[in-house]
1. Per-residue Cβ counts within 10 Å, from other chains only, averaged over A:18-27: what number is that?
2. Would you mind checking the tilt of helix B:235-244 against the longest principal axis of the Cα atoms of chain B, expressed as 0 to 90 degrees and rounded to 10?
3. Could you put B:121, B:154 in order, starting from the residue whose Cβ has the fewest other Cβ atoms within 10 Å?
4. Can you pull the Kirkwood radius for the range B:208-388, inverse mean 1/r over Cα pairs, to one decimal in Å?
5. Can you give me the Rg/Rh ratio for the protein assembly as shown, using Cα atoms for both radii and the Kirkwood formula for Rh?
6. Between residue B:581 and residue B:325, 0.36 nm times their residue separation minus their Cα-Cα distance comes to what?
7. So if I restrict to the alpha-carbon atoms in the range B:466-583, what is the Rg, and what is Dmax, the biggest pairwise distance, in Å?
8. Once you have a ≥ b ≥ c as the square roots of the Cα gyration tensor eigenvalues for the range B:133-275, tell me rounded if a/c is under 1.5, and otherwise prolate or oblate according to whether a/b is larger than b/c.
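Please treat every number below as a calculation from the coordinates, not as lab data. These figures come from a predicted structure and were not determined experimentally. Every residue, glycine among them, receives a Cβ derived from its backbone with ideal geometry; neighbour counts consider all protein chains shown.
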C-alpha cells in the first residue's frame, strides 16, 4: 500500500482544493478532467490553498481558479503572465499557477510568453488548448488547423497554426509537457512535476471543446490516438529531440514530458531574493531618503 | 538683484548643460532658490543643447520668462531653440567671438539687446587647458564675474567634478574659470547687476528633479514594487527603482511592454504590496484596460503619467497638459479614479505620498499626473520634514472578519477589508468580472448597481479635501486665476506679481484634479466674475471638466496654448490686467486666447 | 484506474474502504453531472442523475455501516487519489442536451466498468476474505447492470421526434 505523505507536511486531499462554485462548462468539456488533475496535483504538492495564487486570463478555461480554493485572479484577456510574475516577485514564497486557453496565451497573450520563459520565475503555466475560441462561441484560434471552418473562417482557415510546444521549446522553456484529460492520472502527474520543477514550466493540455470542436477531436479520440513520450523512448533531457517530436503537434497527441532541463537555471525570483539579501539595509533609511539630494 | 534667468545654448559637445548643472549646484549649495530646465535636439547625442537656469534669493515657482542673460556658443544652435530662450532689450548677450559675428549684427530678430559681448570663449579655454573643451567653464567664470554669484561654490563644484581625473585637470579648469572672471571684470556691464546673497544657511537645500523626487517619495511611502517600461520623459523613475528598491526589500521589473509593466504592478498589489508604474501619454493609453481591472478588483495602485506633447507619439521631449481627460476617464465602464497633479519638484514629494495613501485607503488606482517640465527640471527644494507624514496601509481583515470573509463586503464607507495570498481564511477570487460580496461572478443588474455605488461612494470623501487645493488671495476677489501641474507654479508667480501691482485677484491651484470637488470650486467661484483657467493644451481639459461638473462663471474662460512652449508670466499677467480693466466695465466680455 | 494499490496485499479493511470510495466517487460524479445539467437547463437528465446520486449513496451507506461494524474506528489507509473513474460515469460522455436514454447508457457503462474493476482485482487478491467480499461486489455490479438495462427497456422505442437541440437557442458545433 502506498500512502506516501511527507511526515512534516499537513496532508491535503484533492477535495481540499475544490471550491463550492459549480463549473459552468458544457457537459463533456475536457476542462473537467483538467480540474480533477489540478486538484490531485495540488494535493500531492501539499501547499495550503491560502499559499497558492492562481492567475488566469479570459476564456472558459480561465474560469478554473474560481473552482479551486486557492486565491485566484481571473484577470483580463492575455495578461495573466505579467500579473503572475508580479505576484511571484512581490511574494516569492507563494506557489503561483497560471491558466488559460490557447487564444488567451498565444494570440493576445503571445507577446508575454517569451519574456515569462526567459525570466524564468518559478511559476507553472497550464494552457487548455482546444484549437477554438469557446467562450465567445466558436471563432478561429491561433492553434486551429489550416482549413478549419469556424464562424470566422466560413471558407476554411487560410492560416497555419502556432505550434505551442515548439514555440515554448524554442524560447528556451526548461520544462515542457503535454497531457490530455483522457489520461487524467498522467496529466495530474505532469502537472505535479511541472509545479515541482524550479522555474517557468509549461503544460499544454489538449482539452477539447465539446460544443464547438468537431466530434473527431473529442476525448474518446484522444484515448485512441494518444502516445506517451515515454513509450517512444524519448529522453526528456534532450531539447532537440523534444523539438523534433514537437513538430508533430497537430497530427500526433504526444503525452508526458517533452523537455525537462536536468540543470535548472536560477529562477528570477531566486536571483532577486539573493540581491535583496545582499543589498538589505544599504540604502538610506526611508525617512532619510531625501538626504541623497542635499547639496553639501 | 534678487532674480536672474540665464539661458545657454551650444552644440552637444560643448558641455553647456553641464555648465548649467554646475551653476545650479553651486547656487543650491549657497542657498539660492533655483530651477534648471534643459532642452535638446532630436539626436541621441551630439545635437544642439540648451539649458535655462533661474536663481533667486527667494523661492520661485516657475522657470521664468525673458532671459536676463543669454549665452550662445554658436548662433545656429541658439536660434534652434527659438521661443524657449526669449531675449529682450535688457538681456545681457554673451557669445563666442569665434562665430565671427559683430555685436551689432547678432542674428536675433526684432530685439536690440543693449549689452552684447563677443567673448573669445574658445580661445580662453584653449589658453587655460590646451583644448577648447573647457568653454563651459569659461562661461561659468563670465557669469560669476558679471553677476557676482557663487564663485567659491562653483570652484568647489569644479574641484569635485574633475577630482577623479587628477589635479592637473582641476587646476586647468580653475584657470579657465578665472580667465572668464577676469574678462568680465575687464569688460564691466554698463548697468551693473550683482546678485544679492540668499537668506538662510548654505548646504541645506536639496537639488533634485521631479522624477527622482517622485521615486524617492514612493519608496518613502512604502512602495515595494515597480513595474514599467522605458518611455520619455518618465524613464528616470524606473531607473531609480531598478537601482534602489532592492535595498528596501522590494522588487522592480522592466517589463516587455507597457501593459506587462502595469500588469506586474497589479499582481504585486494583489499579493499585498504597495505597487506602482510610471509612463507617459502613449503608455497611459495602453494601460487603460489594466486600470479598469484595478478599479473593479479594488486594488491599490499608483500610476505616474509624466505628460508630454500628444496625441500619439506627439512631442516626446516637451511638456503638455493634454492627458487629463485620459487620466480621468480612460478605461471603459463607469470608473472613478483619483488624479493628483504635482506643481513643483517640491510638492511632488507630498503629492506622491498622498497618492499612495489614497490608493491604500480607498483600494483604488490613483494617477499622479506630472508633466515633462516638472519631472525633468532640477529644482532646489527646502528641507522636508518627513516626520510630519503619515503612511497609510490598506485595511486588512481582522481574525473575526476572516471567519466568514467577504472580500467585497459592502460597508458603510464602501471600503472592504482586503486580504492577500498567504493570509489564511482570506482566500478569494480577484476578478475583472462583476461580482457579489463574496467575489463570485454575477450578471445581476441589482448587484452591479450596488457595486458601482460602493466603488464610487468610497471615494466621495475626496471631494471635501480642502487640503488638496491651494487657494490664495482675498475671498471676495472678482478676478480669478486657476492653474494646475506645472502651470500651478506659473500662476503662483503671476498671482504674486498681479497682487504686488495692486490687482484684486484670487488664485486656485488644485492638486486634486479629478474628481472635480464641486463644492470647493463653487465656494471659490462664488465671488468671481472674470478670470482664466490657464492650461498647456489645445482643449483646456481642466476647464472642460469644470464646465462638466460645476458652475463656472461666464467671465472665467480657458486660456490655453498647445504644449512645448509654456506661457511666460508676462503673457498671462497681460491677460489678467485686461480682464481687470474689463471688470470695471460690466458689459464687456473677454474672449479666450490660444 | 488505480494508483498505488497492491491488491495482493489488500486487507479486508482496506478493501471495504476501497469499495466505499468507489461508491463515493460515483456519487460525487453523479452529483457533479446533476449540477452540470441544472446549469445547462436539462431537467430530465438532472432528475436522472439525482436519482443515481441516491442509488450510489445507498450503496455507500450500506458499506459504511458494514465497515463500522467490522472495523469500528480503525484509521482509513486508502485515499480517493488512488482511484479514478472506477464506477464514476465518464465526464466526456455527458452532453448538455443529452436524453434520458443517453444518460442511462452512461450509467450502464459505469456499472460495467465497476464490474470489470472488481473482476480484474480478483485476479490479484490473495486474502480469501477479500476475495469473498470482492466477488460479492462483482455480483452486485452485475445486478446493477441488469437494473439499468431494465430501465432502458422501459423507455419508449427509438429516439424522440424532437430533441432539446431542435429548440435550443444555443449554438452547436458544425
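1. 6
2. 80
3. By the 10 Å Cβ count, ascending: B:154, B:121.
4. So the Kirkwood estimate lands at 15.6 Å.
5. Rg/Rh: 1.09.
6. So the extension gain works out to 88.8 nm.
7. Here Rg and the maximum Cα pair distance are 12.8, 35 Å.
8. prolate
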